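Colleague: Quick one: the structure is below, and I'll ask about it shortly.
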Amino acid sequence: MKRFIKDCYTMYGRCMKLGWRNPETLVMAVILPVLLLVLFTYLFGGAMYGGHFDTTYINFVFVGIMAVAICQGAMTQATVVCADASKGVLDRFISMPISRSSFIVGHVLAAATRTLIAVVLLFAVGFAMGFRPDANVGQWFGAIAIILGFILAMSWLGVMFGLLCKTVEGSAGVPMLAQILVFLSSAFVPTVTMVAAFRYFANYQPITPIIDTLRYLFLGIGEARTLEALLWIGGLVIVGFAMSVWAFKRKIRK
């Protein structure tokens, strides 16, 4: 166990260095959500604000932008993982006397760390722009737990897609797919304003219950779908973990 922890820490440090040495990855994962928050609040907020919101638009849209930050930050790890797996780096690692699973764990921890940094920065900017949550201590702890669980789930999915994609170019489109799922949710507008087909999909896809629950915990508006959110987070973690392990074993067998 001591060796496994040491190997995971070493691999985690390597993955973090790779992230800092790729400024485009840092910009997309950390800076883009901040730009989206400014854009939606100051450019689109006046037009989108109407009778469907029980609070200011910055309060309403903040949780949605945070979902974008989590998906974007975690899913960018797919490109890094795919580059390691397709350019021979993985083959070099498995030939060394290290724990093989540390490769996966290191990438997951790196993705989660970078995503958490993006979320903290987004909170700082959001407070400066007027985001004012109305949550007590218990609700804050509940919201933080859901955020951390969501980050972990998306980090596992990012590593999973990185191992499943055959080329680095193909893995570059994974963050866009995650963002589309966020846009087709209650992130930016209430689902009641959507046409029937999109409303049905938005209500029952995994991102919407998480956003609705966080919005309820922070602001006391909407509906708390806590059980659905936790089930989706747990299911995504299990799928991401299981598929990552399966894809990793398939890679090293080749």
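Colleague: Quickly run through the range 199-235 and pick out the residues that are under 22 Å from the mean Cα position of the chain (by Cα) and among the aromatic types (F, W, Y).
Modeller: Matches in the range 199-235: F201, Y204, Y216, F218, W232.
Colleague: Still on this structure: Between a first residue in the range 167-190 that is without any contact (Cβ under 8 Å) to a residue 60 or more places away in the chain and farther than 30 Å from K87 by Cα and a second residue that is surrounded by 15 or more Cβ atoms within 10 Å (Cβ to Cβ) and of a type in the set (S, T, Y), which pairs have beta carbons less than 9 Å apart while being 6 or more apart in sequence or on different chains?
Modeller: Close Cβ pairs (under 9 Å, with a partner that is surrounded by 15 or more Cβ atoms within 10 Å (Cβ to Cβ) and of a type in the set (S, T, Y)) amount to L184/T208.
Colleague: Tally the residues that are surrounded by fewer than 22 Cβ atoms within 10 Å (Cβ to Cβ) and within 15 Å of F40 (Cβ to Cβ), restricting the search to the range 53-90.
Modeller: Number satisfying all stated conditions: 6.
Colleague: Can you work out which of the residues in the range 25-52 that are open to solvent by less than 50 Å² (accessible area, probe 1.4 Å) and over 17 Å from A112 (Cβ atoms) is modelled with the lowest pLDDT?
Modeller: Out of the qualifying residues, it is G50.
Colleague: Out of (1) out of contact with any helix residue (DSSP H, G or I) (no Cβ under 9 Å at 6 or more places or on another chain); (2) within 20 Å of V119 (Cβ to Cβ), the odd one out for L214 is which?
Modeller: Going through the list (1) out of contact with any helix residue (DSSP H, G or I) (no Cβ under 9 Å at 6 or more places or on another chain); (2) within 20 Å of V119 (Cβ to Cβ), L214 breaks only (1).
Colleague: Taking the condition of being farther than 30 Å from A135 by Cβ, touching a residue at least 12 places away in the same chain (Cβ under 8 Å) and of a type in the set (A, V, I, L, M, F, W, C), how many residues in the range 51-92 meet it?
Modeller: 7
Colleague: Taking the options G126, G130, G138, G106, name whichever one is open to solvent by less than 60 Å² (accessible area, probe 1.4 Å) and on the phi > 0 side of the Ramachandran plot. Don't jump to the end; show me each part of the working.
Modeller: Values: G126 fails: on the phi > 0 side of the Ramachandran plot; G138 fails: on the phi > 0 side of the Ramachandran plot; G106 fails: on the phi > 0 side of the Ramachandran plot.
Matching residue, one of G126, G130, G138, G106: G130.
Colleague: In this structure, does F248 turn out to be closer than 23 Å to V120 by Cα, modelled with pLDDT under 90 and over 15 Å from the mean Cα position of the chain (by Cα)?
Modeller: On the way: closer than 23 Å to V120 by Cα: no; modelled with pLDDT under 90: yes; over 15 Å from the mean Cα position of the chain (by Cα): yes.
In short, no.
Colleague: Continuing with the same structure: Out of curiosity, is A229 in a helix (DSSP H, G or I) and either at pLDDT below 90 or loosely packed, with under 14 Cβ neighbours inside 10 Å (or both)?
Modeller: Working: in a helix (DSSP H, G or I): yes; either at pLDDT below 90 or loosely packed, with under 14 Cβ neighbours inside 10 Å (or both): no.
Judged against the criteria, A229 is not a match.
Colleague: Would it be correct to say that F218 is open to solvent by less than 30 Å² (accessible area, probe 1.4 Å) and part of a helix (DSSP H, G or I)? Lay out the reasoning, then the answer.
Modeller: Numbers: open to solvent by less than 30 Å² (accessible area, probe 1.4 Å): yes; part of a helix (DSSP H, G or I): yes.
So F218 passes the test.
Colleague: If you don't mind, another one. How many residues are modelled with pLDDT of 80 or more, open to solvent by less than 40 Å² (accessible area, probe 1.4 Å) and farther than 23 Å from G235 by Cα if we restrict to the range 151-190?
Modeller: Within the range 151-190, residues that are modelled with pLDDT of 80 or more, open to solvent by less than 40 Å² (accessible area, probe 1.4 Å) and farther than 23 Å from G235 by Cα number 2.
Colleague: Whether any residue in the range 210-218 is under 30 Å from T41 (Cα atoms), at pLDDT below 85 and not acidic (D, E) is what I want to check.
Modeller: Let us first name the residues in the range 210-218 that are under 30 Å from T41 (Cα atoms), namely 210-218.
Applying the additional criterion that residues be at pLDDT below 85 yields none.
Within the range 210-218 (the criterion being under 30 Å from T41 (Cα atoms), at pLDDT below 85 and not acidic (D, E)), the answer is no, since none of the residues qualifies.
Colleague: Counting only residues that are of a type outside the set (K, R) and not in a helix (DSSP H, G or I), which one in the range 1-24 is modelled with the lowest pLDDT? First the steps, then the outcome.
Modeller: First pass over the range 1-24, keeping only residues of a type outside the set (K, R): 1, 4-5, 7-13, 15-16, 18-20, 22-24.
This time we only want the ones that are not in a helix (DSSP H, G or I), so: 1, 22.
On the way: M1: 76, N22: 69.
Among residues in the range 1-24 that are of a type outside the set (K, R) and not in a helix (DSSP H, G or I), the one modelled with the lowest pLDDT is N22.
The values are calculated or read from the model by the stated rules, or taken from the named source; none is laboratory data. Because the structure is predicted, anything quoted here is derived from the model rather than measured. All Cβ positions, even for glycine, are placed from backbone atoms using ideal geometry, and neighbour counts span all protein chains on display. Ligands, DNA and RNA are excluded from the accessible area calculation, which covers all protein heavy atoms including side chains. Shrake-Rupley method; radii C 1.70, N 1.55, O 1.52, S 1.80 Å.
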